[in-house]
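The values are calculated or read from the model by the stated rules, or taken from the named source; none is laboratory data. It should be emphasised that the depicted structure is a prediction, and the values quoted were computed from it without experimental measurement. We place every Cβ from the backbone using ideal geometry, glycine too, and count neighbours over all the protein chains shown.
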């Protein structure tokens, strides 16, 4: 394991970043080469394949380029985790994260950035009709359909998304975050989040997440990932395991379409400002980070043994 008495393994970290970025561009290159962008018929499978790039990069680095001195399971956080009350971190990842994401459109509406319809759910009704599912509305009240979607998004979507999000988390929080800890815990959390955000550039530039702002969207995605990267990183460090971060990432992705459930029909919104990835959606996660800092859960000071010795040395070196 990397410790504060050692320098960052620049060879390993740089190799990981180059591989993760290169494999990402390679995975979605058909979207660029075809000129079809996100309209490509294989866009979703290709973007899903892209999510495994960080895991492949981490495995290549730890196996062939810069092998860890400790066990690979501990180095990448593949154990289930341990420590006092570690189980509640899993519940937080599964339930609190989708709740924060679900609240995003309501924050945007409170700020006047998006128009919602909580009476008739006209936007979702129109979406179902365009999809040819209008008959479903005759058999079941729209409110029941909304509840089913919410229950699915909160209870099952994190599990459904678990495998592809593990592809990302094994790289970003499994390998990269611990490797950057000699910089200091806050610096490692923010820098790993920024690297994660920039990694999305191949699809963001095509209009993914920010269709109205593809270039500005790259910067917005970096900020978005820095915010959520702190939360996912906290789960990783507090439990010594990458699995809660994987579950939280799956919950975030699983609830990403929640805005469409409440949107007023025949309206639009600026994705840079509202929606799940807009600036207004950063408010509640930032408040959570502030709460973690005020309650001294960040920086993590009572981590399990798998990362505890590393954090002690980092704190001693940085004076935290």
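Which one of these is touching a helix residue (DSSP H, G or I) at 6+ places or on another chain (Cβ under 8 Å), within 27 Å of residue 244 (Cα to Cα), modelled with pLDDT of 90 or more and not in a helix (DSSP H, G or I): 114, 8? Every option except 8 fails the conditions.
Would you mind stating whether residue 98 is in contact (Cβ under 8 Å) with a residue 40 or more places away in the chain, farther than 25 Å from residue 20 by Cβ and buried (at least 16 other Cβ atoms within 10 Å of the Cβ)? Working first, answer last.
Values: in contact (Cβ under 8 Å) with a residue 40 or more places away in the chain: yes; farther than 25 Å from residue 20 by Cβ: yes; buried (at least 16 other Cβ atoms within 10 Å of the Cβ): yes.
Answer is yes for this residue.
Residues being in contact (Cβ under 8 Å) with a residue 24 or more places away in the chain, buried (at least 19 other Cβ atoms within 10 Å of the Cβ), in contact with a strand residue (DSSP E or B) (Cβ under 8 Å, 6 or more places away or on another chain) and closer than 29 Å to residue 287 by Cβ are entirely absent from region 156-167. Filtering 81, 108, 35, 70 for residues that are out of contact with any strand residue (DSSP E or B) (no Cβ under 8 Å at 6 or more places or on another chain), surrounded by 20 or more Cβ atoms within 10 Å (Cβ to Cβ) and not in a helix (DSSP H, G or I) leaves a single hit, 81.
Residues in region 226-270 that are farther than 24 Å from residue 80 by Cα and in a helix (DSSP H, G or I): 226, 227, 256, 257, 258, 259, 260, 261, 262.
Condition first: modelled with pLDDT under 95 and over 15 Å from residue 262 (Cα atoms). Can you find one or more residues in region 185-193 that meet it? It would help to see each step written out before you state the result.
So in region 185-193, the residues modelled with pLDDT under 95 come out as none.
No, there is no match, as no residue in region 185-193 is modelled with pLDDT under 95 and over 15 Å from residue 262 (Cα atoms).
Residue 191 passes every criterion in (1) touching a helix residue (DSSP H, G or I) at 6+ places or on another chain (Cβ under 6 Å); (2) without any contact (Cβ under 8 Å) to a residue 24 or more places away in the chain; (3) surrounded by 19 or more Cβ atoms within 10 Å (Cβ to Cβ) apart from (3).
Limited to region 38-55, what total is found for residues that are assigned to a helix (DSSP H, G or I), within 30 Å of residue 74 (Cβ to Cβ) and touching a residue at least 40 places away in the same chain (Cβ under 8 Å)? Walk me through it before giving the result.
Step one: of region 38-55, the residues assigned to a helix (DSSP H, G or I) are 38-39, 43-50, 53-55.
Subsequent filtering for residues that are within 30 Å of residue 74 (Cβ to Cβ) retains 48-50, 53-55.
Filter once more, keeping what is touching a residue at least 40 places away in the same chain (Cβ under 8 Å): 48, 50, 53-55.
Residues that pass the stated criteria total 5.
Listed here are the residues, each with its yes/no results for (1) surrounded by fewer than 18 Cβ atoms within 10 Å (Cβ to Cβ); (2) out of contact with any strand residue (DSSP E or B) (no Cβ under 7 Å at 6 or more places or on another chain); (3) in contact (Cβ under 8 Å) with a residue 60 or more places away in the chain.
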{"position": "92", "(1), (2), (3)": "no, yes, yes"}
{"position": "104", "(1), (2), (3)": "no, yes, yes"}
{"position": "112", "(1), (2), (3)": "yes, yes, no"}
{"position": "118", "(1), (2), (3)": "yes, yes, yes"}
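For the condition more than 19 Å from residue 285 (Cβ to Cβ), crowded, with 23+ Cβ neighbours inside 10 Å and touching a residue at least 60 places away in the same chain (Cβ under 8 Å), residue 185 does not qualify.
To keep it simple, each residue is scored yes or no on (1) modelled with pLDDT of 95 or more; (2) surrounded by fewer than 22 Cβ atoms within 10 Å (Cβ to Cβ); (3) within 20 Å of residue 95 (Cα to Cα).
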site	(1), (2), (3)
233	yes, no, yes
236	yes, no, yes
239	no, no, yes
251	yes, no, yes
265	yes, yes, no
283	yes, yes, yes
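Based on this model, can you work out whether residue 146 counts as farther than 21 Å from residue 246 by Cα and touching a residue at least 12 places away in the same chain (Cβ under 8 Å)? Criteria met by residue 146.
Can you pull out the residues in region 47-58 that are over 17 Å from the mean Cα position of the chain (by Cα) and either modelled with pLDDT under 95 or surrounded by 19 or more Cβ atoms within 10 Å (Cβ to Cβ) (or both)? Lay out the reasoning, then the answer.
Of region 47-58, the ones over 17 Å from the mean Cα position of the chain (by Cα) are 56-58.
Of everything in region 47-58, those that are over 17 Å from the mean Cα position of the chain (by Cα) and either modelled with pLDDT under 95 or surrounded by 19 or more Cβ atoms within 10 Å (Cβ to Cβ) (or both) turn out to be 57, 58.
Summed over region 122-143, residues that are in contact (Cβ under 8 Å) with a residue 60 or more places away in the chain and more than 18 Å from residue 276 (Cβ to Cβ) total 3.
Answer with yes or no whether residue 128 is more than 26 Å from residue 224 (Cβ to Cβ) and outside any loop (DSSP other than H, G, I, E, B).
On the way: more than 26 Å from residue 224 (Cβ to Cβ): yes; outside any loop (DSSP other than H, G, I, E, B): yes.
Taking the combined requirement at face value, the residue satisfies it.
State yes or no: is residue 174 in contact (Cβ under 8 Å) with a residue 40 or more places away in the chain, closer than 19 Å to residue 240 by Cα and part of a helix (DSSP H, G or I)? Yes: the conditions hold for residue 174.
Kindly establish whether residue 137 is modelled with pLDDT under 95, touching a strand residue (DSSP E or B) at 6+ places or on another chain (Cβ under 9 Å) and assigned to a helix (DSSP H, G or I). So residue 137 does not fit the description; no.
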